[in-house]
2 protein chains.
Amino acid sequence: MTTKTHIPSLTRTELWRELAQQLRVDSIRATAVSGSGHPTSSMSAADLIAVLAEKYLRYDFEYPDHPNNDHLIFSKGHASPLLYALYAAGGAISEEELLSLRRFGSRLEGHPSPALPWVDVATGSLGFGLPVGVGVALAAKTVDPRPYRVWVLLGDSEMAEGSVWEAFEHASHWQLDNLTVVLDVNRLGQSGETMHGWNAISYADRARSFGWEAFVIDGHDVDAIDAAYAEATATNGRPTVVVARTKKGKGVAAVENKPGWHGKVLDDPEAAIAELGGQRAIRIEIAPPPDDPPPRGYAVEEPALPAYEVGTKTATRRAYGEALAALGDTRKDVVAMDGEVSNSTFSGLFADAHPDRFFEMFVAEQQMIAAAVGFDVRGLKPFASAFAAFFSPTYDFIRMAAISRASLRVAGSHAGVATGEDGPSQMALEDIAMFRAVHGSTVLYPSDANQTAKLVALAADNPGITYLRATRADTRVIYPPHAPFRIGGSWLLRATPRDRVTIAAAGITVHEAIEAARRLAVEGIGVRILDVYSIKPIDRAALLASVRATNGRLVTVEDHWPEGGLGDAVLAALADSGLPLHAVNLAVRDIPGSGQPAELLHAARIDADAIVSAVHSLLAAEPARKAA
Amino acid sequence: MTTKTHIPSLTRTELWRELAQQLRVDSIRATAVSGSGHPTSSMSAADLIAVLAEKYLRYDFEYPDHPNNDHLIFSKGHASPLLYALYAAGGAISEEELLSLRRFGSRLEGHPSPALPWVDVATGSLGFGLPVGVGVALAAKTVDPRPYRVWVLLGDSEMAEGSVWEAFEHASHWQLDNLTVVLDVNRLGQSGETMHGWNAISYADRARSFGWEAFVIDGHDVDAIDAAYAEATATNGRPTVVVARTKKGKGVAAVENKPGWHGKVLDDPEAAIAELGGQRAIRIEIAPPPDDPPPRGYAVEEPALPAYEVGTKTATRRAYGEALAALGDTRKDVVAMDGEVSNSTFSGLFADAHPDRFFEMFVAEQQMIAAAVGFDVRGLKPFASAFAAFFSPTYDFIRMAAISRASLRVAGSHAGVATGEDGPSQMALEDIAMFRAVHGSTVLYPSDANQTAKLVALAADNPGITYLRATRADTRVIYPPHAPFRIGGSWLLRATPRDRVTIAAAGITVHEAIEAARRLAVEGIGVRILDVYSIKPIDRAALLASVRATNGRLVTVEDHWPEGGLGDAVLAALADSGLPLHAVNLAVRDIPGSGQPAELLHAARIDADAIVSAVHSLLAAEPARKAA
């Protein structure tokens, strides 16, 4: 590896020390200008990052998509000034940009984000960066073998997050010796001392018990850091962690190892810079990654999707698995993972067909989503599945994935009370709300197997977080194979010129709506049924047309809590319609118990009976309204 | 301890074996009748539970609220048949009720829930029961010293959940020697073998590295179980785990230790029962808890809330801390906890005033919520605080807390883009959607300090999950102290008979709405401002009256994604109004960066400028509409 610097007379040890001081000084300078930020959290890790960047990191700033670039993830994202100072030392950003930290419009946000091309994922929510790093490292060990190393800077406060231990478990399970964690044990959290203080051994013990190689060092001794990195990079068969005892605010007596200085700008930056030996102008040339293996492309061929005969019964969760397996036949970039329920979500069918691209993530749903993000970082098309309810622990990771501009697909089976006997802990009743309230997300809820298959195929290239909600029970196939469904579309299942009420339904309730319409037709009452299979984006034009045709009379019906789901989405689409709305939202309003799906749909008043009643009520109110 | 049984001639060892067989048989019988459920997961732990119940558990079924009762939490909730079989053996439920498992209307749900008086919390989402157990144990070690022990049955699959490690960390940190985990290492998860299979040592090593005492045993050797429990209950200063190597489906050759039998009813229950030695009718009398200390009551006195002068500036997060500290003065049942940001959320003020009732939960937000649930189980009034964004990892626990019928209060500071320079990872923009979509929840978003103080006091006795959203920035005090705010209320801040548009706002956007109204007034355009500080339940009557008065013209404005927040809540309240709606929802539509709050509010188009524009647009469209 070659290294260039403007002070060639220094020994390498001296260079590292000087570089570390520069990183400290630049962290102070940038935060002094911004008036906020985390200089002290940057200063503790400066030596660790200096040695890493100057000797070990292999990265081409001019080619951030180089498939063999190392990945440097600041899981302790609040140390962003240190990262940006490194970018400046590496020549990736200018002095001027360095001092734009936290300014409106700057790429140098308070916490790293992919606004910068060298940042894989947004961090700043502790416990997210390491699990993503596990995903990036896993990709290189499996579907797309690459020589890169994943370096994750972790804070000691962060070790309290459970997600970190999911990552520790998975990293050793997958034998990720291409992953090295640099743990900055600076003892001080935001509001006080961490649980373990400077007891670096306690972290090392935990890491070793989880199957990692651990090296405990003084994190300000650059030669010790060098030795630890050398050992880490030479370790085979297991991930490595360098547990580095450091001082927060290292080098500046006014703040060094003192509580109360988290996320605060130094009182006297000039004096601090002088204490650190003044400004420096060291430029390092970070070693480039190897050229081989070359970039890889993936052919995109149309899959031969499964087709289901109208009138037969198939669970949409099964159609998910069958479509995914078919997608995997023609798309080598498609990877799938599951949270230890692949026999229920039917992702097991993909596993059977493409075992080398299926990942069992066990009951570690946060790590599953993070692994999906990591695969996305590497240009793959991840699909992650579990019971829909079991994605609720991943909401922070979904949120951070969206901020990271990641694209991934999440399939949740066993939605709603239609899940049946297992009871409420297994019934997602908030998942639509959860996934709608994610920037740039797509929320799909198919009602039959053919619709599911088509949406699975469309999801593969859909940007952002795509959520597909599936039902446990076998439901009737109502659409012909290869019907032209689309993201953002809907399907008008039933309409006549004399319809009096629009019923907007999705998934399981589409079937209830069909039955309700049948019964109402017997009474001579015509209703339209709109299958709103794309809940976000929603088909506003079709909704408007339908609800206008029925004079503002609308029943929405959903197997979900009343808040944030289909009903809310439909009303939001009609908000500026100027239509006099007479809308009823049928949704689950009491905590369900166990029972058969039909019993529970009935008890929740989201079945055909309830829809018929709601239509009757709307029409009964009509004469009164007209008279009023 | 006394023990009665119908077969007094047995030795105790023989009794345990017989009782375990009965628990297996009854698990099979119940699931055979229900046609679904988890008999094999129950059978693996039957010996463990038999010895526990007959010799160690101290519990009065007739007095489930006995403050000194032990707590038995089935964190592996799918083993519910075993729990119910134990209830039958203990005489708590009848034979007939046992066979009602999973039937519609039965208290014996697929996973345990507080529909049964002896169940502290609903389980069935893996990784939830243990952290709650930590909270229950913590209460007895701190605010309300009690001699009870918390027993948690944990599954081995569950050990992959990060939340379990948050619990392991906290249990040893708090030296909870009144907590014993029984880890059922039956090797088989739902879809395959766990990561560690029967490697019980790997679990014990991990537990020990986290500061626990661990005992590795054969989980079918009742004398070994007895010995381990004896050691566990005699251990001081640290929590204990009995790592028990077991066989799933133990005792029935057709299923014992065989994959593919998770959550499945046995093919031939009769044969299985015969193989286990047939039905038994053993009744055990579980030892009662000690009488002392007696039940404790808490006086409920009105707090002397802080008062803020109108026109001064105070952040609502600071008012939260000050009100909470005041509440703690008069309410000894109020406890508070924070996720290592108490200096930002101002819960630190409570910590200063009531250090014995404040709990630093470090950066372990799931454990924080679970501890709050545990305190609620013990009749306390927990308040948990952190940055609002950092509750997103807790969504599963919030969901399960609601299913558990728990009451707790969650305060999230730093909501929305108004957070400023820290950037999007620190800005909750989905928290309203998340907390609205929780059964029985309350969502409050105060705009000033006096309103905050009043709502904090009201939250103390509010049932269910109460979420209070707070703002980072200092905002103007606009209400007099002690104004009569209420849960479910709103405040009409401005109204004249000639108002043309209603502006519904909450929190930070109330201040933007006031400024917009001022500017519009200069133009001669009157607008109403409704401060919707109670987003759920929402003040439907006030909204209807306002929007009717402005002929359906409405601007909602929120520092939140457009989905699931204030805008959706307002529209849902107006859904059946029959009003011709012309509603605009101003919300955050692009991922924000860093910047000053005012810059970000402006860029997101949720500031006064945007409100003025929206009002102009609504009014400009009016003549066109009238002409149409």
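The values are calculated or read from the model by the stated rules, or taken from the named source; none is laboratory data. None of the values given here were measured: they were computed from a predicted structure. When we count neighbours, we look across all protein chains shown, and the Cβ atoms used for this are built from the backbone with ideal geometry, even at glycine. In case anyone asks, the SASA skips ligands and DNA or RNA and just uses the protein heavy atoms, side chains included. Shrake-Rupley method; radii C 1.70, N 1.55, O 1.52, S 1.80 Å.
In segment A:555-569, the residue that is nearest to A:Met427 (Cα to Cα) out of those that are more than 9 Å from chain B (Cβ to nearest Cβ) and among the β-branched types (Val, Ile, Thr) is A:Val557.
Can you pull out the residues in segment B:283-317 that are closer than 19 Å to B:His354 by Cβ and touching a strand residue (DSSP E or B) at 6+ places or on another chain (Cβ under 8 Å)?
Selection gives B:Arg317 alone.
The criterion of at least 1 residues that are within 22 Å of A:Ala621 (Cα to Cα) and open to solvent by less than 10 Å² (accessible area, probe 1.4 Å) is met, among helices (runs of 4 or more DSSP H) falling completely within segment A:515-609, by A:540-549, A:566-573.
For segment B:40-73, a residue qualifies if it is closer than 25 Å to A:Ser594 by Cα, out of contact with any strand residue (DSSP E or B) (no Cβ under 6 Å at 6 or more places or on another chain) and either hydroxyl-bearing (Ser, Thr, Tyr) or within 14 Å of chain A (Cβ to nearest Cβ) (or both), and the qualifying residues are B:Thr40, B:Ser41, B:Ser42. Residues in segment A:351-383 that are in a helix (DSSP H, G or I) and either without any contact (Cβ under 8 Å) to a residue 12 or more places away in the chain or hydrophobic (A, V, I, L, M, F, W, C) (or both): how many? So the answer is 11.
With respect to the conditions (1) over 27 Å from B:Leu179 (Cα atoms); (2) at pLDDT 95 or above; (3) surrounded by fewer than 23 Cβ atoms within 10 Å (Cβ to Cβ), B:Thr13 lacks only one, and its number is (1). Being facing another protein chain (nearest Cβ under 8 Å) and open to solvent by less than 10 Å² (accessible area, probe 1.4 Å) is the requirement here; does A:Met427 meet it? Answer is no for this residue. Looking across segment B:119-141, the residues that are open to solvent by 10 Å² or more (accessible area, probe 1.4 Å) and in contact with a strand residue (DSSP E or B) (Cβ under 8 Å, 6 or more places away or on another chain) come down to B:Asp120, B:Leu126.
Only one of the listed residues (A:Asp352, A:Asp333) is more than 13 Å from chain B (Cβ to nearest Cβ), farther than 30 Å from B:Ala433 by Cα and acidic (Asp, Glu). That residue is A:Asp333. Taking the conditions exactly as written (over 28 Å from A:Ala287 (Cβ atoms), touching a residue at least 60 places away in the same chain (Cβ under 8 Å) and not in a helix (DSSP H, G or I)), does A:Arg103 satisfy them or not? Yes, satisfied.
Residue-by-condition table, conditions (1) away from chain A (no Cβ under 14 Å); (2) in contact with a strand residue (DSSP E or B) (Cβ under 8 Å, 6 or more places away or on another chain); (3) closer than 26 Å to B:Phe391 by Cβ; (4) in a loop (DSSP other than H, G, I, E, B):
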| position | (1), (2), (3), (4) |
| --- | --- |
| B:Arg280 | yes, no, no, yes |
| B:Leu324 | yes, yes, yes, no |
| B:Asp329 | yes, no, no, no |
| B:Ser344 | no, yes, yes, no |
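Residues in segment A:41-72 that are assigned to a strand (DSSP E or B) and touching a Ser or Thr at 6+ places or on another chain (Cβ under 7 Å): there are none. Only one entry in A:Leu458, A:Leu493 is in a helix (DSSP H, G or I), open to solvent by 10 Å² or more (accessible area, probe 1.4 Å), hydrophobic (A, V, I, L, M, F, W, C) and touching a residue at least 24 places away in the same chain (Cβ under 8 Å), namely A:Leu458.
Using beta carbons and a limit of 7 Å, which pairs, at least six apart or on different chains, have the first residue in segment B:468-481 and more than 20 Å from B:Val417 (Cα to Cα) and the second one assigned to a strand (DSSP E or B) and not basic (Lys, Arg)? Qualifying pairs under 7 Å: B:Val477/B:Thr314.
If you check A:Gly552, A:Gly526, A:Gly593 for being under 22 Å from A:Gln426 (Cα atoms) and at pLDDT 95 or above, only one passes: A:Gly593.
Looking at segment B:265-275, is at least one residue within 14 Å of chain A (Cβ to nearest Cβ), assigned to a loop (DSSP other than H, G, I, E, B), over 28 Å from the mean Cα position of the chain (by Cα) and touching a residue at least 12 places away in the same chain (Cβ under 8 Å)? Checking segment B:265-275: at least one residue is within 14 Å of chain A (Cβ to nearest Cβ), assigned to a loop (DSSP other than H, G, I, E, B), over 28 Å from the mean Cα position of the chain (by Cα) and touching a residue at least 12 places away in the same chain (Cβ under 8 Å).
In the condition set (1) assigned to a helix (DSSP H, G or I); (2) more than 9 Å from chain B (Cβ to nearest Cβ), A:Ala386 is compliant with all but (1). Of the residues A:Ala572, A:Ala610, A:Ala620, A:Ala583, which is out of contact with any His (no Cβ under 9 Å at 6 or more places or on another chain) and more than 10 Å from chain B (Cβ to nearest Cβ)? Exactly one residue qualifies, and that residue is A:Ala620. Inspection of segment B:77-92 identifies no residue that is of a type in the set (S, T, N, Q) and modelled with pLDDT under 95.
Find the helices (runs of 4 or more DSSP H) located wholly in segment A:150-237 whose residues include 2 or more that are over 28 Å from the mean Cα position of the chain (by Cα), surrounded by 20 or more Cβ atoms within 10 Å (Cβ to Cβ) and not charged (D, E, K, R), and list them.
In segment A:150-237, A:200-209, A:222-233 are the helices (runs of 4 or more DSSP H) which contain 2 or more residues that are over 28 Å from the mean Cα position of the chain (by Cα), surrounded by 20 or more Cβ atoms within 10 Å (Cβ to Cβ) and not charged (D, E, K, R).
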